[in-house]
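**Q** I'd like to ask you about the structure that follows.
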Amino acid sequence: MNWSLMNCSLNNWNVSNTADIKIGKDEFIDISCVALNKLPAKSVRFTIDTTFYSTPEELRKMSEDVSNVVKYASNFILEKVWK
């Protein structure tokens, strides 16, 4: 999976969903690890390669998959932290 998509999704989640929630560096790293483990492996060295060799539909699906997995991972980790 494209790391820049993952990073962008995590940053967007962090900005939009933590107005009243403060997460630490450890939780952020845990969320990243859980999310990355849920995504299919795809070796991409440069973002431009993903853009050039993928159809618009594939790019949209990748972005949607990353967003969904980041939401799942955040709920999973934060549920564990707050118990």
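**Q** How many residues are surrounded by 12 or more Cβ atoms within 10 Å (Cβ to Cβ), among the small types (G, A, S) and either touching a residue at least 40 places away in the same chain (Cβ under 8 Å) or under 21 Å from I23 (Cα atoms) (or both) when one looks only at segment 33-83?
**A** Adding up the residues that qualify gives 5.
**Q** A further question follows. Note down all Cβ pairs under 9 Å where the first residue falls in segment 13-31 and is within 15 Å of E79 (Cα to Cα), the second is aromatic (F, W, Y) and at pLDDT below 85, and they're at least six residues apart or on different chains.
**A** So the pair list comes out as I31/W13.
**Q** Please specify each residue of segment 44-83 satisfying the condition of being of a type in the set (A, V, I, L, M), assigned to a helix (DSSP H, G or I), over 13 Å from F28 (Cα atoms) and at pLDDT below 90.
**A** Selection gives I48, L59, M62, V66.
The values are calculated or read from the model by the stated rules, or taken from the named source; none is laboratory data. These figures come from a predicted structure and were not determined experimentally. Glycine also receives a Cβ, built like all others from the backbone with ideal geometry; neighbour counts cover every protein chain displayed.
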